[in-house]
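Asks: Before we start, here is the structure in question, set down as structure tokens.
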Amino acid sequence: MKIQVTGEQAVDEIEVNGGQPSRIIDVTAGLVSSVNGRTGGVTGLAETADVPGIAEEAAGPVAAEAVADHVAATDPHGDRAYADGTFLPKAGGTLTGPISGPGSFAVAADGGVTAPSLTLAPAATTVSKSLVITAPTASSYVVWRAPKACTVVAVRGYRVGGTGATINAQRNASDLLATDLSLSTASTWLSGPSVQNATFVAGDSLTVAIRSVTGSPTAVTIQVDLQGA
């Protein structure tokens, strides 16, 4: 039997001029738990410095140059510019207002703070209550009512003239110094020994007391330092 086929066309031929032969980049890796640290069974992992070489292998020198430029760029995606314009650095920087917070808390553009209450370190809230007694004699004076809980941290005295004086202070009727403070040196601030009965509650009274004088001092000043008042 003889089969005759008519109308057949010759097989097309494709000719490529100037092309590059295909290349295969072999990168193998076992179990990877860290790339930069190369832990696990890792072989052939690319470091950042290898990226241009891999790109050249894969896509030729033009693509490799583009990748190299990208790696070397300071802020290729604009992330740094966004962060610098949005967030404060970890150290330094200036916070500009106004700023709003919970409740009525706010910081104005000029730095003024509005807040219903602030909790500060005790040292930041130290206040002093004092009384100057002229021509002093042995006597006591109620000088202050505590508006809230606070703590006495020191009792001090200052004498002008005379040869001596002793002083103390009280919370209600309890002495703040276990021993009266002797103002043995004139024109010098002197501090009492350790304070007792130092914790005040709202409504407690602060009293200063001259216990004795010698040589007719011109004046005695008694000062009590408190924190949290």
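The values are calculated or read from the model by the stated rules, or taken from the named source; none is laboratory data. The structure presented is a predicted model; accordingly, all values stated were derived computationally and were not measured. All Cβ positions, even for glycine, are placed from backbone atoms using ideal geometry, and neighbour counts span all protein chains on display. We work out accessible area using only protein heavy atoms, side chains counted, and drop any ligands, DNA or RNA first. Shrake-Rupley method; radii C 1.70, N 1.55, O 1.52, S 1.80 Å.
Asks: Can you list the residues, at least 5 places off or on another chain, whose amide H is less than 5 Å from the amide H of residue 165, using H built in the peptide plane?
Replies: 183, 214
Asks: At 0.36 nm per residue, minus the direct Cα-Cα distance, what do residue 70 and residue 202 gain on full extension? Give it in nm, one decimal, please.
Replies: Numbers: separation 132, 0.36 × 132 = 47.52 nm, distance 6.72 nm.
Length gained, residue 70 through residue 202: 40.8 nm.
Asks: In addition: Can you pull the accessible area of residue 158 for me, 1.4 Å probe, Å² to the nearest 10?
Replies: About 60 Å², rounded to the nearest 10.
Asks: Here's something else I'd like to know. At a Förster radius of 30 Å, what calculated FRET efficiency corresponds to the Cβ-Cβ distance of residue 110 and residue 79, to the nearest 0.05?
Replies: 0.40
Asks: Quote the FRET efficiency, to the nearest 0.05, computed for residue 137 versus residue 179 with a Förster distance R0 of 22 Å and r equal to the Cβ-Cβ distance.
Replies: Efficiency computed from Cβ-Cβ geometry: 0.60.
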